[in-house]
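Here is the structure we will look at.
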Amino acid sequence: MIDAYPLDLSPSPEALESRVGDETVILHLGNDTYYGLDTLGTEIWGLLKERVPLTEIRDRLAADYGVSAATIEADMVRFLDDLMRNGLLVHG
Amino acid sequence: MVQAFDHPSASRDLDPFGLPGWSFRRGEAAPARASSWTWNDGCGTETGKAEDGPDRLVRTEGIASARVSFETRSVLVHDVDPEAEDELVAQWVGDHVAPRILSHLGHLVIHAGAVAPAPNSAVLFVAPSGHGKSTLTGYLHQTGWPLLGDDAVDLRHEDETVLARALYTRLKLLPDAWAQLYSQAGADSRPTGRKISVAVGNAASTPADLRLQGLFFLSDPCQAGKRRIARLPPSEVCIELLRSSFALDPADRMKAGQRMRLASLVANAVPGYALTYPRTFDELPLVRAMIAETIGLEGPR
């Protein structure tokens, strides 16, 4: 499933973020809408900003959390779809 | 013709809108053309940039327009609606224009009611207009908690503490809430627009900056169920603060970043709660007791 996503996904230049404890709040300047990322989302967002490939993010998190790659992948798909639907993750 | 702008809050004549060094005038002005307008509060208030210079513009349909100059630190109120009373226009400057100027100067200004349940401490009630914020704030004031303000509250983070300062000390109530809470109280009450503005007796005697003890975010009254208070994670507190914050230019990246940093600091330092209750006057004593217990005070008197 992860393989189906474009390789050039990156955080939108219109996204502005601030850390709040272990979590992250993101503002999309284009639509003046705020989003909250939990701890796992914050970790994935950080790796996306570093342009780490999605498969590597999946494998890294699976090892860190001690769960199967399939479990992490299912969470990542939901998360990535949310980010893309809200314009926080774009091509480029 | 230009005239000095009188504010009804006599106790703060020297700094009527929480902006020391700024002048507020009312007069005629050339039609304010904006290079862009941004509707940003959903209640009819627009902000924009002047087409002919660096000035900023604020206007609310049915009240007035204001041209804000950061160069000369001045505000010119113009195009006042013929139906708008002076009191309403002054309130508009205090609770729509001045908070946005402060925000642009790097402050975090929240649309909230504020009371002081204990000496030197404040709690805030945050909600959009029409969600019962003023009624609850007025009830708490009437039952012994000094009222600090009902609209715009300036939050500062200093040495791990958050300080709250209300910018506007009158309470604005819908007629039914006013009839329940203030009709027998002998308070100075004046109709302004569709609300009744009440002068609050003990606001001026309360210190300007109080330590913020808690943030209560009122649920949507249409979805309000059983009375309850639930602690919110800091990220949700941060988002709710930002949604309730004033901005002169919401799309300004640098200013938005400042607001986000301040909101993050506040959210990490002060507990925030979702407050749900049926919107009936009978509920208010119970809500008060629940709030008192949450912040570690005794129940209702």
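Things to note:
- Rg/Rh for chain B (Cα atoms only, Rh after Kirkwood) is 0.95.
- Accessible surface of the protein assembly as shown, 1.4 Å probe: 50 percent of it comes from carbon and sulfur atoms.
- Counting only DSSP H runs of at least 4 residues, each contributing -39500 (n - 2.57), and dividing by the residue count of chain A, the helix-based mean residue ellipticity at 222 nm comes to -14000 deg cm²/dmol.
- Mean separation of Cα contacts under 8 Å, 6 or more apart, over the residue count of chain B: relative contact order %: 16
- Chain A, relative contact order [Cα under 8 Å, separation at least 6], %: 36
- Whole-number Å³ per residue for the convex hull built on Cα positions in the protein assembly as shown: 162
- Legend: calculated FRET efficiency, A:V52 to B:E293, from the Cβ-Cβ distance at R0 = 35 Å, rounded to 0.05, equals 0.15.
- Dimensionless Rg over Rh [region A:13-86; C-alpha; Kirkwood]: 0.98
- In a DSSP loop and with at most 16 other Cβ atoms within 10 Å, the GluC sites (Glu not before Pro) in region B:204-301 are B:E298.
- Estimated purely from DSSP H runs of n ≥ 4, each contributing -39500 (n - 2.57), the mean residue ellipticity at 222 nm for chain B is -6500 deg cm²/dmol once divided by its residues.
- Under Karplus coefficients 6.51, -1.76 and 1.60, residue-wise ³J(HN,Hα) of region B:92-101 in Hz, glycine/proline x: 4, 4, x, 10, 10, 8, 4, x, 6, 5
- Heavy atoms of the protein chains alone define the surface here; on that basis the protein assembly as shown has 45 Å² accessible area per residue at 1.4 Å probe size.
- In degrees, nearest ten, helix B:284-294 long axis to first principal axis of chain B (Cα): 80
- GNM top mover of B:G18, B:G272, B:G53 - chain B, alpha-carbon springs below 10 Å: B:G53
- Extending 7 Å from Cα along the Cβ direction at B:F281 and again at A:D3 yields two label points whose distance is 6.9 nm.
- Once the Cβ-Cβ distance of B:E85 and B:A269 is raised to the sixth power relative to R0 = 35 Å, the FRET efficiency obtained is 0.30.
- Solvent-accessible area buried by pairing A with B, both sides, nearest 100 square angstrom, 1.4 angstrom probe: 1300
- 37 °C / 0.692 mPa s Stokes-Einstein diffusion coefficient of region B:205-264, Kirkwood radius on C-alpha pairs, µm²/s: 233
- For the segment A:31-38, counting C-beta atoms of other chains within 10 Å of every residue's C-beta and taking the mean gives 4.
- Average other protein chain Cβ within 10 Å of Cβ, residues B:60-73: 0
- Rounded Å value of the spacing that divides the Cα centres of region A:70-92 and region B:148-168: 38
- Distance from the Cα centroid of region B:175-189 to that of region B:224-301 is 26 Å (rounded to whole angstrom).
- Seen against the Cα atoms of chain B and their longest principal axis, helix B:133-142 is set at about 60 degrees.
The values are calculated or read from the model by the stated rules, or taken from the named source; none is laboratory data. Given the structure is predicted, the values throughout are model-derived calculations rather than measurements. With ideal geometry, Cβ positions are generated from the backbone for all residues, glycine too; neighbour counts draw on all protein chains shown. Keep in mind that these areas ignore ligands, DNA and RNA; they rest on the heavy atoms of the full protein, side chains included. Shrake-Rupley method; radii C 1.70, N 1.55, O 1.52, S 1.80 Å.
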